[in-house]
Amino acid sequence: MNNSFRFDESYLEEVQLKDGTAILLRALRPSDRQALIDGFQRLSDRSVYLRFFSPKHQLSDEDLSFLKELDGSNSYGIVALRQLADGREGEGVGVARLVRVISEPVIAEPAVTVSDEVQGYGLGRILCDRLAEAALERGILWFRCYVLSENQRVLDMLRSEFSETHLCSQGEIVVAEISLLSKNDVCVGESNQPSRG
Ligand SMILES: CC(C)(COP(=O)(O)OP(=O)(O)OC[C@H]1O[C@@H](n2cnc3c(N)ncnc32)[C@H](O)[C@@H]1OP(=O)(O)O)[C@@H](O)C(=O)NCCC(=O)NCCS
């Protein structure tokens, strides 16, 4: 991996959500497997459906296989954890990851999930922003997102975050092609003290 990347395996950032919740963002690691399984178990049926497009009771090995493929170049992820009063990592409350489309290397497919209990306080937007920055560092210029057409929250978020967004409906799914260079130049999420681990 390029060692001048901000978003590498040592990425670590503290942010505050709109309700004051202190969150640690750091690079996702293969050892986060159990935290992802636990986080999935706490998701509402509705959030699972919006993320996976069908009901699902547990994450399969295939769902988690990307963890083994986190090479930092073609695949990179960020995990969001509650920050405990003593500064240590608490429960996982969000995850964002990208996988480059190998046949079209300037495109990546992202996925973002935020725990129900912290939704609506800005974490989704922060993760989306940081993931776009991580992608740009890797020469990825576009996100190709598959979103359920009923998921207006995500579609609205993408439209407000990026000024160049092409939407194409394929039945119940909307394929959104987003130019990362069109990311609106707004500061998303208040960093307490940007730092590196
Ligand atoms: C989509 C998701 C990642 C957004 O995370 P979040 O932390 O709730 O997002 P934010 O708080 O940053 O809000 C982003 C935008 O969503 C909208 N939004 C947030 N909460 C909302 C609510 N309760 N009702 C309606 N819209 C809402 C707002 O437009 C908000 O923009 P704003 O910053 O201008 O207010 C999260 O809701 C989630 O994980 N959902 C289930 C899985 C999913 O849909 N994943 C994406 C599918 S590919």
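The values are calculated or read from the model by the stated rules, or taken from the named source; none is laboratory data. Every value quoted in this text rests on a predicted model; they were computed, and no experiment measured them. A quick note on method: Cβ atoms are made from the backbone with ideal geometry, for glycine too, and the neighbour counts reach across all protein chains shown. Accessible surface is based on the protein model in full, side chains and every heavy atom, while ligands, DNA and RNA are left aside. Shrake-Rupley method; radii C 1.70, N 1.55, O 1.52, S 1.80 Å.
Could you please find all residues in the range 101-139 being closer than 17 Å to Glu164 by Cα and more than 15 Å from the chain's Cα centre (by Cα)?
Residues satisfying the conditions are Val106, Ile107.
If Ser31 passes every condition in (1) within 14 Å of the ligand (Cβ to nearest atom); (2) surrounded by fewer than 16 Cβ atoms within 10 Å (Cβ to Cβ) but one, which one does it miss?
(1)
So is Arg46 at pLDDT 95 or above, open to solvent by 50 Å² or more (accessible area, probe 1.4 Å) and under 15 Å from the mean Cα position of the chain (by Cα) or not? It would help to see each step written out before you state the result.
Details: at pLDDT 95 or above: yes; open to solvent by 50 Å² or more (accessible area, probe 1.4 Å): yes; under 15 Å from the mean Cα position of the chain (by Cα): no.
Considered against the rule, which asks whether it is at pLDDT 95 or above, open to solvent by 50 Å² or more (accessible area, probe 1.4 Å) and under 15 Å from the mean Cα position of the chain (by Cα), Arg46 comes out as no.
Does Ser65 meet the test of being assigned to a loop (DSSP other than H, G, I, E, B) and on the phi < 0 side of the Ramachandran plot?
Here the answer is no, as Ser65 does not meet what is asked.
For the range 49-63, what are the residues that are surrounded by fewer than 16 Cβ atoms within 10 Å (Cβ to Cβ) and under 13 Å from Ala111 (Cβ atoms)?
Phe53, Asp63
Condition check: open to solvent by 40 Å² or more (accessible area, probe 1.4 Å), under 12 Å from the mean Cα position of the chain (by Cα) and not hydrophobic (A, V, I, L, M, F, W, C). Does Glu164 satisfy that?
Spelling it out, it is not the case that Glu164 is open to solvent by 40 Å² or more (accessible area, probe 1.4 Å), under 12 Å from the mean Cα position of the chain (by Cα) and not hydrophobic (A, V, I, L, M, F, W, C).
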